[in-house]
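Student: Could you have a look at this structure, given as structure tokens, before my questions?
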Amino acid sequence: MDSNKISDFLYEISPNISFDIRNSYVDNKIYLKISDHNYLLENTDYYYKNELNFVHFTNLYSFQNILNQKTIRLTNLHSHNDNQELGYSFGFIDHKYINCNFSKTHMFSLSMCKRDLMTDEKLINDEFNLWRLYGDNGNGVAIGFKIMNNPKKWSKYHLSEVYYEIDKLKQLKELYDKIIYFLKDEKNVIVDIGKLLSFNKSALFMSEKEVKILYDETDYYSLGKKDFYDLRSEYYNSYNFKFDISKLLNGNFHERFIELPIFSNNEDDSVPSIKIDKIYLGYKYNISKIDYFALSKFEYQIKQKFGYTPEIVNSRLLKYFNKRM
């Protein structure tokens, strides 16, 4: 089918979602993929329009790695705590035209929350829940950071709230079904809406109030591959991703990550620019009771790595645990 005809149809049924279309005469396949240009999602629900201030909960070991490497990891979706990550949203569509495991391997994300989670009294229970789940039960840190560049200029990176309402998934299913029906006479079709599906999760996770940076490394070449885990393949080694050595040695080839520089001099506007501006200590710590020398060394190490010292503050939950300290 002619690409222009497909393009006209897609615009008719969904004018705000832009697809890249490839009609390949080499393998006789039609590839449809949500555009990599983030600005083309601006008029959809999958473009973040609020203040670019976020917080990320982690343990001290991971925070030390962030300091040492001056990067923050985006892990693929095999690495997430929810073993149904993406599987839930993929359950709403026909898997014949898209592969869930492939998307889990080739999409990477950083989970965050809006910064007001740390100050809004209505959200204090949610904050406590996130400390317990991801902040080492109050023994870790929450990293406050800002996105410094314009997300409209990003390519292959996307930023959106995560949705927990089933209505959003029903809308994507309706779109997907219309496309598949329109192309029903084509024998080989791949329709990749994985990046939009990834911003949808079960209502069981609603308390996480997640905002996600997503990196989608899929392209037409990789979408046509059947063997996703062959380390010998030229394709597999052509991407700038890394493995966790401990997991790799145990035979886990699925989990991998990419690294996003923190406040670097990188002038590439197509990549998110992140600056850490505040560090919230877990509620098991009290700044006033931490040894002055230890705190000074902590601040000095951060300044040595980043060239500046972010504000270091207690968690507001400290007051509930202070009697034990």
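Student: With a cut-off of 8 Å between alpha carbons and a minimum separation of six or more residues, what is the relative contact order of region 57-205 in percent?
Tutor: 36
Student: Take the Cα of Asn322, step 7 Å along the line toward its Cβ, and report every residue of region 274-308 whose backbone nitrogen sits under 18 Å from that point.
Tutor: Of the residues in region 274-308, 280-291 have backbone N under 18 Å from the label point off Asn322.
Student: Something else now. Taking the Cα centre of region 103-173 as origin, work out the dipole magnitude from +1 charges on Lys and Arg Cβ and -1 charges on Asp and Glu Cβ, in debye rounded to 20.
Tutor: So the magnitude is around 560 debye.
Student: Related question: So how do 195-204, 1-10 stack up, highest first, on mean other-Cβ count within 10 Å?
Tutor: In descending order of packing, they fall as 195-204, 1-10.
Student: For Ser18, what residues show an amide H to amide H distance below 5 Å, using hydrogens built from the backbone and excluding near sequence neighbours?
Tutor: Those lying under 5 Å, H to H, from Ser18 are Ser35.
Student: Suppose every Lys and Arg Cβ carries +1 and every Asp and Glu Cβ carries -1, with no other charges. What dipole size does region 1-65 come out with about its Cα centre, to the nearest 20 debye?
Tutor: Roughly 180 debye for region 1-65.
Student: Continuing with the same structure: Does anything in region 128-161 have its amide N under 20 Å from the 7 Å Cα→Cβ label point of Tyr39, and if so which residues?
Tutor: Counting only backbone N, you get 147-160.
Student: Taking 7 Å along the Cα-to-C-beta vector as the label spot, tell me the Asn65-Asn28 distance in nanometres, rounded to one decimal.
Tutor: 4.6
Since every read-out is calculated from the coordinates, none of them should be taken as a lab result. What you see is a predicted model; the values in this text were computed from it and never measured. Don't worry about glycine lacking a Cβ; one is built from the backbone with ideal geometry, like all the others, and counts go over all protein chains shown.
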